[in-house]
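The values are calculated or read from the model by the stated rules, or taken from the named source; none is laboratory data. Predicted model, so just to flag it, every value in this text is computed and none were measured. All Cβ positions, glycine included, derive from the backbone under ideal geometry; neighbour counts span all protein chains shown. Heads up: the accessible areas ignore ligands, DNA and RNA and are worked out on the full protein's heavy atoms, side chains in. Shrake-Rupley method; radii C 1.70, N 1.55, O 1.52, S 1.80 Å.
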Amino acid sequence: MADFYEKINPQTQIFSETFDFIDFLQSNERKFALLNSVDDICQFIVSENVLYPEVADIVLRFMCTPVSTVDCERGFSRHNLIKTKTRNCLSTKTVENLMLISMKKPGKEFQYNLAFKKWVSVKKRRIY
């Protein structure tokens, strides 16, 4: 990440700032003993962005980078199942709601009969 960051921002002092941060952590080892995971260290860097702004910027980029594209691909697949050629007039909000319902199915306590009655009463519909 630091190599890439240095390419897009040649004036950066990212390497020296990173080493300064590591020295800072090591010199205050007792104070930072609770930083046990990478997530803890990243959260600390972001909170101390005044001291280490370039390291904090890289950490923020690192933390929002998805690990895989599975969720995105799953969303597109679900979208294609819902919005077909015969259902191409669905509004964006309707498609969004249908995707949420299909991906996060309601629990057993959901009252399907009441939902159906409300759906029928909202608009005159032809029910076969």
Discussion item. Filter K93/K117; K85/K108; K85/K118; K104/K124 down to the pairs with a C-alpha to C-alpha distance above 24 Å, please.
Written reply: K85/K108; K85/K118; K104/K124
Worksheet entry | Test item: Cα-centred dipole of the stretch 22-128, Lys/Arg +1 and Asp/Glu -1 on Cβ, debye | 1860 debye
Worksheet, complete the sentence: In nm, the gap between the two label points placed 7 Å beyond Cα toward Cβ at L100 and Q26 is 5.0 nm
Fill in: Mean accessible surface per residue for the stretch 26-106, computed with a 1.4 Å probe while every protein chain stays in place, in Å²
80 Å²
